[in-house]
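Trainee: The structure under discussion is supplied below as structure tokens; questions concerning it will follow.
The values are calculated or read from the model by the stated rules, or taken from the named source; none is laboratory data. Quantities reported herein were computed from a predicted structural model and do not represent experimental measurements. We place every Cβ from the backbone using ideal geometry, glycine too, and count neighbours over all the protein chains shown. Accessible surface areas use protein heavy atoms only, side chains included; no ligands, DNA or RNA. Shrake-Rupley method; radii C 1.70, N 1.55, O 1.52, S 1.80 Å.
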Amino acid sequence: MRRRRVMHVVRGFGTGGTEMMCLRLTRHWQKRFDQSVVSWSGAPNTLEAEFRGIANVTLEMASAGLGNIARGAWLRTLIQRDKPDALLIHIFGHPHVIAAFAARSAGVRALAAMAGNPPPQTVAQRRHWSAILAASRFLRCPVVSCSKAVERELNDLGARMPVGSAPIPNGIDDDAIAAAVDAARNVRSRSRPVIGMVARLNEIKDHATLLQAFAYLRGTHVEAELLLVGDGPLRRQLEEQAKRLGISMQIRFLGERIDVLDLLGGIDVYAFSTTRAEGFGIALIEAMAAGIPVVATDVPACREVLGGGAAGLLVPPGNAAAFACALSELLQNDERRRRLVEAARDRVKREYSIDVCARRWEQVLFPASEPATAMEVQCAS
């Protein structure tokens, strides 16, 4: 009997949260489905080797010179050749509408698109997103939000969501992450405390507030080092800010890395400074699974992930002084760190494991398949 075939469409093979989620899901399904992963843009290729190492997975990359319509035609040809049973589109916007049209015109019966961020706030952009949802309804393409926070904001657009749409939080292999980070932690040579953040250096995040908070922290004579893992268009601007604040010698900009778990083993407090445009923050649940106490910005996505503050400290958006105070507390209060770490690991196990995440996706793509467990139904409610 032929195994089901799932085709994934990603923007590229970079190390963004959406691409990492696709990688985890593909790994989890390698014994269950035959899969292919299609790169819509063809670049960057940081994760290409990781995808190629997964059993029963083939990779396809669009030519960088193609426009969206030409990519749609190219994708339709791939679909007609491979005949996938389902198409999972890890992009939201024009590309996902074009990919959904290609899938429907090629006869694919099951498809869904992932929305990884809430809609923007300007009137023109919100109208544009409403039009994207209308096109998704026409194509019968469910839009799966990465969090309940994103789903609420999509509903606030006033456009009806496509039938079958539902929030599915991102998932991770929490046990493997905990084991890998613990191993890295055991070989760490102790020096001064380390604060770390893993995220793209772009306008969705708020590294500028974290840098200011770190400067405040240094001003109180708390010795610490700050690791920033990730790259992006704001890197030079942030490096200049660090110089102006006089903290550049205590900060390491590590760029894009694939050894994130090893790096997490050297971090004492995880900082997640972001904006309301944050959709989920998969690096946040990785830190929680790794047993690192968290300080995060109090925006809807972080509030949801941290259980309203039960699994990590929340600070007001853009408030560097409050961020510095929270960092200081966790660096100096062992008991508070221990309680938060326990709560965070328990929450990840119940809500954000890759097993729960994958089964929820299967219920969207193949609703007639085996039902979700009672735990999964409870978590999704």
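Trainee: If you roll a 1.4 Å probe over region 128-231 with all protein chains in place, what percent of the accessible area is carbon or sulfur?
Mentor: On the way: 2300 of 4410 Å².
Carbon and sulfur atoms account for 52 percent of the accessible area of region 128-231.
Trainee: Right, here's the next one. Over the chain, with a Gaussian network built from C-alpha contacts below 10 Å, which listed residue (His128, His221, His207) shows the highest mean-square fluctuation?
Mentor: Judging by the Gaussian network model, the answer is His221.
Trainee: Placing +1 on the Cβ of each Lys and Arg and -1 on the Cβ of each Asp and Glu in the chain, which of Gly116, His90, Gly265 has its Cα farthest towards the positive end of the resulting dipole?
Mentor: The residue sitting farthest along the positive end of the dipole is His90.
Trainee: Run the simple label-point estimate for Arg188 and Lys148 please: 7 Å along Cα→C-beta, distance reported in nm.
Mentor: The answer from the label model is 3.2 nm.
Trainee: Now a separate question. Using a Cα-Cα cut-off of under 23 Å, which lysines could be cross-linked to Lys83, ignoring same-chain neighbours fewer than 8 residues away?
Mentor: Leaving aside lysines fewer than 8 places away in the same chain, those within reach of Lys83 are Lys31.
Trainee: Mind listing the phi-derived Karplus ³J(HN,Hα) values for region 38-45, rounded to whole Hz, using 6.51, -1.76 and 1.60 with θ = phi - 60°, and x for any glycine or proline?
Mentor: These are the phi-based 3J(HN,Hα) values: 10, 8, 5, 9, x, 7, x, 10 Hz.
Trainee: Please list, in chain and number order, the residues 5+ apart from Thr274 or on another chain whose amide H is under 5 Å from its amide H, with Hs placed from the backbone.
Mentor: Distant-sequence amide H within range of Thr274: Asp206, Thr297.
Trainee: Rounding to the nearest 20 debye, state how big the charge dipole of the chain is about its Cα centre with +1 on each Lys and Arg Cβ and -1 on each Asp and Glu Cβ. Mind showing how you got there, number by number?
Mentor: On the way: 48 positive and 39 negative charges, 212 e Å.
That gives a dipole near 1020 debye.
Trainee: Which percent of the Cα-Cα distances in region 178-321 go past 17 Å? Spell out each step's value before the answer.
Mentor: Working: 5990 of 10296 pairs.
Result for the distance tail: 58 percent.
Trainee: Any idea what angle helix 94-105 forms with the longest principal axis of the chain, computed on alpha-carbon atoms, 0 to 90 degrees, nearest 10?
Mentor: 30
Trainee: Indicate the gyration tensor shape class of region 154-207 (rounded, prolate or oblate), computed on the Cα atoms with a ≥ b ≥ c the square roots of the eigenvalues: a/c under 1.5 is rounded; otherwise a/b larger than b/c is prolate and the rest oblate.
Mentor: On the way: a/c = 5.83, a/b = 1.98, b/c = 2.94.
It is oblate, given that a/c is not under 1.5 and a/b is not larger than b/c.
Trainee: In terms of the Cα gyration tensor, with a ≥ b ≥ c the square roots of its eigenvalues, is region 24-86 rounded because a/c is under 1.5, prolate because a/b exceeds b/c, or oblate? Don't jump to the answer; show the numbers that get you there.
Mentor: Details: a/c = 2.93, a/b = 1.36, b/c = 2.16.
Oblate is the answer for region 24-86, as a/c is 1.5 or above yet b/c matches or exceeds a/b.
Trainee: Turning to a different aspect of this structure: Take the chain, connect every pair of alpha-carbon atoms lying under 10 Å apart with a spring to form a Gaussian network, then pick out the residue of Arg192, Arg235, Arg104 with the largest mean-square fluctuation.
Mentor: The residue with the greatest mean-square fluctuation here is Arg192.
Trainee: Could I ask something else about it? Below 8 Å between Cα atoms, with a sequence gap of 6+, how large is the relative contact order for region 229-381 in percent?
Mentor: Values: 154 pairs, mean separation 26.6, N = 153.
17 percent.
Trainee: Using the alpha-carbon centroid of each, what span in Å lies between region 202-238 and region 317-335?
Mentor: 14
Trainee: Right, another one. Give me a comma-separated list of calculated 3J(HN,Hα) values for region 283-294, in order, Karplus coefficients 6.51, -1.76, 1.60 applied at θ = phi - 60°, integers in Hz, x for any Gly or Pro.
Mentor: 5, 5, 6, 5, 5, 4, 5, 6, x, 10, x, 10
Trainee: Cα-Cα pairs above 25 Å in region 233-381: how many percent?
Mentor: Values: 4176 of 11026 pairs.
Distances greater than 25 Å cover 38 percent of the Cα pairs.
Trainee: Let me ask something else about it. Could you pull out every residue, at least 5 positions away or on a different chain, whose amide H is within less than 5 Å of the one on Leu111? Hs are placed 1.01 Å off N in the peptide plane, and Pro or chain starts have none.
Mentor: Leu87
Trainee: Ignoring ligands, DNA and RNA, what percent of the 1.4 Å accessible area of region 247-381 is carbon and sulfur?
Mentor: Values: 2730 of 5170 Å².
Looking at region 247-381 in its full context, I get 53 percent from C and S.
Trainee: So what is the 222 nm mean residue ellipticity for the chain from helices alone, if each DSSP H run of at least 4 adds -39500 (n - 2.57) and you divide by all residues, rounding to the nearest 500 deg cm²/dmol?
Mentor: Numbers: 16 runs with 174 residues, N = 381.
After summing the helix terms and dividing by residue count, I get -14000 deg cm²/dmol.
Trainee: Assuming a ≥ b ≥ c are the square roots of the Cα gyration tensor eigenvalues, decide whether region 76-116 counts as rounded (a/c under 1.5), prolate (otherwise, with a/b larger than b/c) or oblate. Walk me through the numbers on the way to the answer.
Mentor: Values: a/c = 2.27, a/b = 1.72, b/c = 1.32.
It comes out prolate by the Cα gyration axes.
Trainee: How much of the pair distance distribution for the chain lies past 38 Å, counting alpha-carbon pairs only, in percent? Show your work: numbers first, answer last.
Mentor: Values: 13190 of 72390 pairs.
So the pairs more than 38 Å apart make up 18 percent of the total in the chain.
Trainee: Per residue, how much accessible area does the chain have with a 1.4 Å probe, in Å²?
Mentor: Working: 16290 Å² over 381 residues.
I get 43 Å² per residue for the chain.
Trainee: Can you list residues from other chains, or at least 5 along the same chain, whose modelled amide H is less than 5 Å from the amide H of Arg4?
Mentor: Asp34
Trainee: Among the aspartates and glutamates, which have Cα under 14 Å from the Cα of Lys148 when same-chain residues fewer than 8 positions away are ignored?
Mentor: Asp156, Glu278, Glu304, Glu351
Trainee: I would also like to ask the following. Go through region 274-280 residue by residue and turn each phi into a ³J(HN,Hα) via Karplus (6.51, -1.76, 1.60, θ = phi - 60°); whole Hz please, and just put x for glycine and proline.
Mentor: 8, 10, 5, 6, 5, x, 7
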